[in-house]
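Read the structure below first, then the notes.
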Amino acid sequence: MVDSDALTATDPEVFDAIRNERRRQENTLELIASENHVSEAVLEAQGSVLTNKYAEGYPGARYYGGCEHVDRVEQLAIDRAKTLFGAEHVNVQPHSGTQANMGVYFATLEPGDRILSLDLNHGGHLSHGHHVNFSGQLYDVTQYGVDPETGYIDYDELATLAEECDPALIVSGSSAYPREFEFDRIAAIADAVDAYHMADIAHVTGLIAAGVHDNPVGVADFVTGSTHKTIRAGRGGFIMTSDAYGEEIDRAIFPGGQGGPLMHNIAGKAVGFGEATEPAFERYAERVVANAKAMADVFVEHGLSVVSGGTDKHLLLVDLRDSHPNLTGEEAETALESVGITVNKNTVPGESRSPFVTSGIRIGTAAVTTRGFGRDEIETVATHIVELLDTPDDEELAATVAEEVDSLCTVYPIYR
Ligand SMILES: *Cc1c(COP(=O)(O)O)cnc(C)c1O
């Protein structure tokens, strides 16, 4: 349909960078917990002529003509999300997870209102009220955390804080908390202080769609998510709520916070959501979690501290302070990157180093599971990570691991 040589002819520089990025993805192990590899079908939908179309408004009620086909695409995305999550009302237009959260804040809060959310150092997200983000600048933010002993959310502290600060909105959900949130319990705490409850499921969207993680839809007033992490639907965000709040949410996204929707991305969401309704996706999600648990087991066996002692989902957070007091998260990230294993440095609960240095690394299994990894491959990689953290300057070891990474990448290609 589209000339596949157009880019190389028109813009060899961009073509070259894209080709190199594709090679980088093929030839390295992606263990960044927020990343994944979408299907060729999602790529094709995202790279389609839908990028040409203006469609301000919603299906059946647009401000532009010629919307019959994009209406169909957006309705498919909405209907598939409703099926996957059991939601009454879905908005698939947020350009990102952050804009989904912005939509909920705009629909429910006035500037200066109070938000109660998880501390960034304990696994929270910038868009939950960090001072460098609009959410921290517009709203008055109080943060709850995890129990330093157990690494689990301290729900009693959360309940006490809620009574003390009387928030308008309580946010659950996280970027680096390895355990499931008790959504029921947070909903009860929010009810008791007459606050809204927004569950941000950005990281676990796919696990929830597959039924391997508790679903907050119908429990929280608003559920926001991203579409490119454990669900493989391309970069973007979405919001789910009840019919009672549907119109307010839709108005907060358009015209409140965005103009024309990215119809090519919405097509990607439709395709990815469709793929997630297949039985194969449930098996994928089960395997993602089993792989993360297997990796945590290897780390714990070798004496590494894993925050909360393990994981319920696709990610784990290694706290290096006990086992490797002189190794920073930044140094660990660099040592692993040099052999083709990509992770990110991450702050840990009780962090004393800066966010650019950190004392931890966050590791996720969603992307390597997409390329076919099972228990054996995960245990091999986990063992190598342990060895590299012990002797980050051992060049011979680094060369051996890099070779192993290469051969795993060849056996498990992403795109054929
Ligand atoms: C990733 C993430 C988001 C969304 O991020 P975007 O980059 O804006 O799509 C929102 N909330 C949490 C908790 C996240 O981890």
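The values are calculated or read from the model by the stated rules, or taken from the named source; none is laboratory data. Bear in mind that the values here come from a model prediction, so they are computed numbers and not experimental data. Neighbour counts are summed over all protein chains in view; Cβ atoms, including those assigned to glycine, are modelled from backbone coordinates with ideal geometry. Ligands, DNA and RNA are stripped out before the accessible areas are found, and what is left, the full protein with its side chains, is counted by its heavy atoms. Shrake-Rupley method; radii C 1.70, N 1.55, O 1.52, S 1.80 Å.
Across every pair of non-identical alpha carbons in the stretch 335-416, the mean reciprocal distance, once inverted, gives a Kirkwood radius of 13.9 Å. Bridge orientation summary for the chain: considering DSSP beta bridges with both residues in this region, about 55 percent are antiparallel. Can you give the accessible area per residue of the stretch 283-411, in Å², using a 1.4 Å probe? Per-residue accessible area for the stretch 283-411 comes out at 41 Å². Think of the chain as having a plus end and a minus end, set by charges on the Cβ of Lys, Arg, Asp and Glu; of TYR105, HIS264, GLY225, HIS264 sits farthest toward the positive end of this dipole. Just the protein heavy atoms count here, and of the accessible area of the chain at 1.4 Å, carbon and sulfur take up 48 percent. Rounded to the nearest 500, the helix-only mean residue ellipticity at 222 nm of the chain stands at -13500 deg cm²/dmol, with each DSSP H run of n ≥ 4 adding -39,500 (n - 2.57). Averaging the Cα positions of each part gives two centres, and for the stretch 140-178 and the stretch 236-304 these lie 23 Å apart. Note on the stretch 283-411: with charges restricted to the Cβ of Lys and Arg (+1) and Asp and Glu (-1), its dipole about the Cα centre is near 820 debye. Computed about its Cα centre, the charge dipole of the chain is approximately 1200 debye, with only Lys, Arg, Asp and Glu carrying charge at their Cβ. DSSP assigns beta bridges within the stretch 44-277; of those with both partners inside it, close to 40 percent run antiparallel.
From the C-alpha coordinates alone, can you work out the Kirkwood hydrodynamic radius of the chain, in Å? Please list the in-between numbers first.
Working: mean 1/r = 0.0451 Å⁻¹.
It works out to 22.2 Å.
Counting only residues at least eight positions apart within a chain, or on another chain, the lysines with an alpha carbon under 19 Å from that of LYS229 are LYS82, LYS269, LYS293, LYS313, LYS345.
Above 25 Å lies some portion of the pair distances; for the stretch 1-150, what is it as a whole percent of all C-alpha pairs? Beyond 25 Å sits 56 percent of the P(r) for the stretch 1-150.
Please give the per residue accessible area of the stretch 44-277, computed with a probe of 1.4 Å over protein heavy atoms only, in Å².
On the way: 9000 Å² over 234 residues.
Per-residue value: 38 Å².
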